[in-house]
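Written below as structure tokens is the structure these notes are about.
The values are calculated or read from the model by the stated rules, or taken from the named source; none is laboratory data. These figures come from a predicted structure and were not determined experimentally. Counting neighbours? That spans all protein chains shown, and the Cβs are built from the backbone with ideal geometry, glycine included.
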Amino acid sequence: MTLETLLAVCVGGVVLGALYALMATGLAVVWTTLGVFNFAHGAFIAVGAYVAWQVAAIEPGHAGLLAGAIAAIVCLFALGALFHRLLVKPFERKASLVLLSVATTLAGAAILEGTTNLVWGPRPKQIAPIIPGNIDWAGVALSRNELAMIIISVVILMAVGLFLSRSSVGRSMRAVAQNREAAQLLGLDVGRLYAIAFGLSAALAGVAGLFIGSIRFMSPTMGAEPLMKALIVVIFGGVARFTSPILAAFVVGLMEAFATYYVGLYWAPAVLFALMIAVLVVKPEGLFGRHERSV
């Protein structure tokens, strides 16, 4: 492997890591706050991409892309809160909440995929790049669009981290994640905080969908593969800290890039699953996890 090839593979891994970090952080927020896994997360990614594409098509250029991004974030936040209200909240007091949420979010994902196909059709679409063109760096052609994705993803994740650690709502979400009953005794509106957690998770998925739609063709089922990768990241890294899935996302992104280079695209997912299993055998709480569960 030449130096140029090594740099190209590393750049590709960092781009994948930035996307996986957005998706996995959204999943982790719901898991750590509510203790459930949202199988509609992949459908949120697809809906976010289509909403951004629809709004951006009204006015070409950066203004349209910015409007599309804002529309995707707002619409997905509202959709996430609605999903919590309809599919999770009615079962929060049930002992079998985890199993029930699997069934309800899977059903919600199927409904969203069908609705997306009905509204926008199955024909592939693509969002215009955030910044067109390439940058030559050390003999490697780096897409300006991918560089923008990395920078924006890092900024968004830093903003989410500050929100969870510094704002009163974020601290309240962490309190609910640690002990729901104690949070209720302190007068916190647990239902509202759960809805915010679902909305925040869906908004992150919407941004990830916009990014994916700018580098790949979109389809109503485009969220299935990202959902699987986000699940691998969350399990691989653990969710004890806010940074755990983020660090794991970049590790998984780099591993996937190198696995794709050495064994091919077909075998790369198998390599990721094998490494995930190996990590869980040695450290069941995840590579960056602890035994405590908090945001």
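Among the candidates S201, S172, which residue alone is at pLDDT below 90 and hydroxyl-bearing (S, T, Y)? Among S201, S172, only S172 is at pLDDT below 90 and hydroxyl-bearing (S, T, Y). Within the stretch 70-97, the residues that satisfy the criterion of being at pLDDT 90 or above, under 15 Å from Y194 (Cβ atoms) and not aliphatic (A, V, I, L, M) are F77, G80, F83, H84, R85. When R216 is tested against (1) crowded, with 16+ Cβ neighbours inside 10 Å; (2) at pLDDT below 90; (3) within 19 Å of the chain's Cα centre (by Cα), only condition (1) is not met.
Per the conditions (1) surrounded by 20 or more Cβ atoms within 10 Å (Cβ to Cβ); (2) in contact with a strand residue (DSSP E or B) (Cβ under 8 Å, 6 or more places away or on another chain), the sole criterion not satisfied by K125 is (1).
Report the residue count in the stretch 129-176 for those that are over 22 Å from L22 (Cα atoms), out of contact with any helix residue (DSSP H, G or I) (no Cβ under 6 Å at 6 or more places or on another chain) and surrounded by 13 or more Cβ atoms within 10 Å (Cβ to Cβ). Summing the residues that are over 22 Å from L22 (Cα atoms), out of contact with any helix residue (DSSP H, G or I) (no Cβ under 6 Å at 6 or more places or on another chain) and surrounded by 13 or more Cβ atoms within 10 Å (Cβ to Cβ) in the stretch 129-176 gives 1.
Does the stretch 240-252 contain any residue that is within 30 Å of R171 (Cβ to Cβ), of a type in the set (V, I, T) and in contact with a Ser or Thr (Cβ under 8 Å, 6 or more places away or on another chain)? So that I can check it myself, show each step before the final result.
Residues of the stretch 240-252 within 30 Å of R171 (Cβ to Cβ): 240-252.
Going one step further and asking which of them are of a type in the set (V, I, T), we end up with 243, 246, 251-252.
Okay, now just the ones that are also in contact with a Ser or Thr (Cβ under 8 Å, 6 or more places away or on another chain), so 246.
Within the stretch 240-252 (the criterion being within 30 Å of R171 (Cβ to Cβ), of a type in the set (V, I, T) and in contact with a Ser or Thr (Cβ under 8 Å, 6 or more places away or on another chain)), the answer is yes, since at least one residue qualifies.
Please go through the stretch 79-115 and give me each residue that is closer than 22 Å to S219 by Cα and not β-branched (V, I, T), ordered by number. Before the answer, list the steps.
Let us first name the residues in the stretch 79-115 that are closer than 22 Å to S219 by Cα, namely 79-80, 83, 105-115.
Result: L79, G80, F83, L106, A107, G108, A109, A110, L112, E113, G114.
Only one entry in L100, L19 is in contact with a helix residue (DSSP H, G or I) (Cβ under 8 Å, 6 or more places away or on another chain), surrounded by fewer than 19 Cβ atoms within 10 Å (Cβ to Cβ), over 18 Å from G199 (Cα atoms) and not β-branched (V, I, T), namely L100.
Would you say V279 is within 15 Å of L19 (Cα to Cα), assigned to a helix (DSSP H, G or I) and either out of contact with any Phe, Trp or Tyr (no Cβ under 8 Å at 6 or more places or on another chain) or of a type outside the set (D, E, K, R) (or both)? Taking the combined requirement at face value, the residue does not satisfy it.
Out of all the residues in the stretch 64-71, is one or more surrounded by fewer than 19 Cβ atoms within 10 Å (Cβ to Cβ) and in contact with a helix residue (DSSP H, G or I) (Cβ under 6 Å, 6 or more places away or on another chain)? Checked the stretch 64-71: at least one residue is surrounded by fewer than 19 Cβ atoms within 10 Å (Cβ to Cβ) and in contact with a helix residue (DSSP H, G or I) (Cβ under 6 Å, 6 or more places away or on another chain).
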